[in-house]
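One structure below.
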Amino acid sequence: MAILDWLVPSIPILANLFLGFHEETWLNNFNKADILLYRRYVERDAMSFFEFINSQHPNIKFTFEKQNDGKLSFLDVLIDNSSHDCVFSVFHKKTYTGLLTNFFSFTPFRYKIGLVRTLIDKTYKISNTSSGFENDFIKLSDRL
């Protein structure tokens, strides 16, 4: 169990190191267009670069997201750029079930409180408007 305690929090760091190691080689080998700026986001010639980079390693497959109605999801964040201001709110994929630990389950109380605190903290940190926080908090309250 001790190795898992160390490994699980390190997975994003290891993934970032792995990609950082290979990205320079992949970018140098991509010859269909000049990449002006690469920050793990590419706009010009995006589809050809997307196909190329997905063919570079058998275990890594990148995704491609396009903006719909001025909205773009990224991880747990929905970025709404349809109005004058850019608004951030909590995003859930279509496959999200909302299933959480049952409060009456045989689970230590500190885990239950930690779950609630984490969800509230996530909602607070993602939402950049008070009305957005209220809306996301109401949705969260309905699930709890």
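Among the protein heavy atoms, those of Tyr96 account for about 90 Å² of accessible surface (1.4 Å probe, every chain in place). Label-to-label distance, Asn29 versus Tyr111, with points set 7 angstrom from Cα along the beta-carbon direction: 4.4 nm. Relative to the current alpha-carbon distance between Ala15 and Thr95, full extension at 0.36 nm per residue lengthens the span by 26.4 nm. For the pair Ile138 and Ser82, the difference between a 0.36 nm per residue extended length and the Cα-Cα distance amounts to 17.9 nm. Counting protein heavy atoms only, the range 74-144 has 61 percent of its accessible area on carbon and sulfur, 1.4 angstrom probe.
The values are calculated or read from the model by the stated rules, or taken from the named source; none is laboratory data. Only a predicted model underlies this, so the values are computations on that prediction, with no experimental measurement involved. For neighbour counting, all protein chains shown are included, and Cβ atoms are generated from backbone atoms with ideal geometry for every residue, glycine included. The accessibility values were calculated without ligands, DNA or RNA, using every heavy atom of the protein model including side chains. Shrake-Rupley method; radii C 1.70, N 1.55, O 1.52, S 1.80 Å.
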